[in-house]
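One structure is given here, and the rest of the page talks about it.
The values are calculated or read from the model by the stated rules, or taken from the named source; none is laboratory data. Since the model is a prediction, treat every value here as computed from it, not as a measurement. Quick reminder, even Gly has a Cβ in these numbers, built from the backbone with ideal geometry, and neighbours come from all protein chains shown. The protein model used for the area step is the full one, side chains on, heavy atoms only, and it has no ligands, DNA or RNA in it. Shrake-Rupley method; radii C 1.70, N 1.55, O 1.52, S 1.80 Å.
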Amino acid sequence: RSASPMTVTIPNGIFTTGQVINIQQIGAGQVPVAGVGTATFTRTGTKLRTQYSAASIVCTGTNTFTLIGDIQ
């Protein structure tokens with residue numbers, strides 16, 4: 001719970017295809033999602049939309065992820 005932004009970073013090489021990571025913005029601070037290293041995202045947005053928004057990060061391939069949920 002924070003009023004400050006908190007970036008969720010996904011490093012390369014630690015998730016396998018099919019794994020899902022669920023996240024939620026509990027506080028007022030924006031929650032952007034980013035890849036680190038060679039981790040890349042296919043998505044329609046890069047951050048959770050507002051307080052109490054939730055999303056899932058799905059590993060769709062080696063170091064490739066899709067962000068699905070209440071995002072912008």
Within the bounds of the range 17-24, is there any residue that is open to solvent by less than 70 Å² (accessible area, probe 1.4 Å) and hydroxyl-bearing (Ser, Thr, Tyr)?
-> no
Please identify the pairs in which a residue from the range 43-69 that is more than 16 Å from Val8 (Cβ to Cβ) has its Cβ atom under 6 Å from the Cβ atom of a residue that is modelled with pLDDT of 95 or more, counting only partners at least 6 apart or on another chain.
-> Gly61/Thr17
Go through the residues of the range 13-20 one by one and say whether even a single one is under 17 Å from Ile71 (Cβ atoms) and of a type outside the set (A, V, I, L, M).
-> no
Filter the range 27-40 down to residues that are among the aliphatic types (A, V, I, L, M), over 9 Å from the mean Cα position of the chain (by Cα) and surrounded by 14 or more Cβ atoms within 10 Å (Cβ to Cβ), then give me how many there are.
-> 1
Tell me, please, whether a residue that is in a strand (DSSP E or B), surrounded by fewer than 14 Cβ atoms within 10 Å (Cβ to Cβ) and at pLDDT 90 or above can be found in the range 41-54.
-> no
Out of all the residues in the range 55-65, which are part of a loop (DSSP other than H, G, I, E, B) and either open to solvent by less than 70 Å² (accessible area, probe 1.4 Å) or touching a Cys at 6+ places or on another chain (Cβ under 6 Å) (or both)?
-> Asn63
